[in-house]
Amino acid sequence: MNSTLYTWADGPLGTMLLVGRVAEGGRVALRSVSLEGQKGAVEVREGWVHEPAGFGEVAGQLDAYFAGRRDGFDLVFEEAGTEFQRKVWRALEEIPYGTTVSYGEIARRVGAEGAGVRAVGTAIGRNPLLVVRPCHRVIGADGSLRGYAAGLERKERLLALEGALGPALESESGG
């Protein structure tokens, strides 16, 4: 079966849409995690199969993360994006729990300093795996919260959950 599978999962940030397909070994390869109201959120399409049981492992890891019992994810991801986006997304996956880095630092790590910072920001904004691939850990060089497809309030809540909010970190309404 190579159908696109989906389910809904509730969490402290709201309802999440989980989308994937069965990969080798029977695990679900996660394609996207979207939150309601998110900019560019995935929507269920005709022909997709509602399969809550297939996402048990994903939902369990998300629940443990939100409960503070897990600081990372051990999931199979479906390959997506351009080569550059995948490089940026791999850099996101290397940001340790409870820490933040700047967009400029991610650009440096992927060899896209200078004008490439904007391209890095765009790639981060297209991350299809919110929460699981920690784009919320990327902040402005001045320590301010910047852009998050699901909203800055949710980004702030994730960083607070991880203990990554310092006293000088202030939310900005832009992004």
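The values are calculated or read from the model by the stated rules, or taken from the named source; none is laboratory data. Model, not experiment: these values are computed from the prediction. Reconstructed Cβ throughout: ideal geometry from the backbone, glycine too, with neighbour counts over all protein chains shown. Areas reflect the complete protein model, heavy atoms only, side chains present, ligands, DNA and RNA absent. Shrake-Rupley method; radii C 1.70, N 1.55, O 1.52, S 1.80 Å.
Tabulated values for the structure
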read-out: Nearest-0.05 FRET efficiency for R90 and S3, computed from C-beta distance (R0 30 Å); value: 0.65
read-out: Hydrodynamic radius (Kirkwood) for the stretch 23-93, which is based on Cα pairs only, to one decimal in Å; value: 14.2
read-out: Rel. contact order, % - alpha carbon contacts under 8 angstrom, at least six apart, the chain; value: 20
read-out: P(r), alpha carbons of the stretch 1-120 - 10 Å bins starting at zero, rounded %; value: 12, 35, 36, 16, 1
read-out: Computed lengthening from D10 to S144, 0.36 nm per intervening residue step minus Cα-Cα distance; value: 45.4 nm
read-out: T100 accessible area, assembled protein chains, probe 1.4 Å, Å²; value: 50
read-out: All-pairs alpha carbon distance profile, the stretch 113-161, 5 Å steps from 0, percent; value: 5, 21, 31, 26, 12, 5, 0
read-out: Computed lengthening from A119 to A80, 0.36 nm per intervening residue step minus Cα-Cα distance; value: 12.3 nm
read-out: Phi to ³J(HN,Hα) by Karplus 6.51 cos²θ - 1.76 cosθ + 1.60 over the stretch 108-119, Hz, x for Gly, Pro; value: 4, 5, 9, x, 10, 4, x, 5, x, 4, 5, 5
read-out: Mean Cβ count within 10 Å, highest first, over the residues of peptides 68-79, 138-149; value: 138-149, 68-79
read-out: Alpha-carbon radius of gyration plus Dmax, which is the widest Cα pair, for the stretch 39-175 in Å; value: 15.4, 48
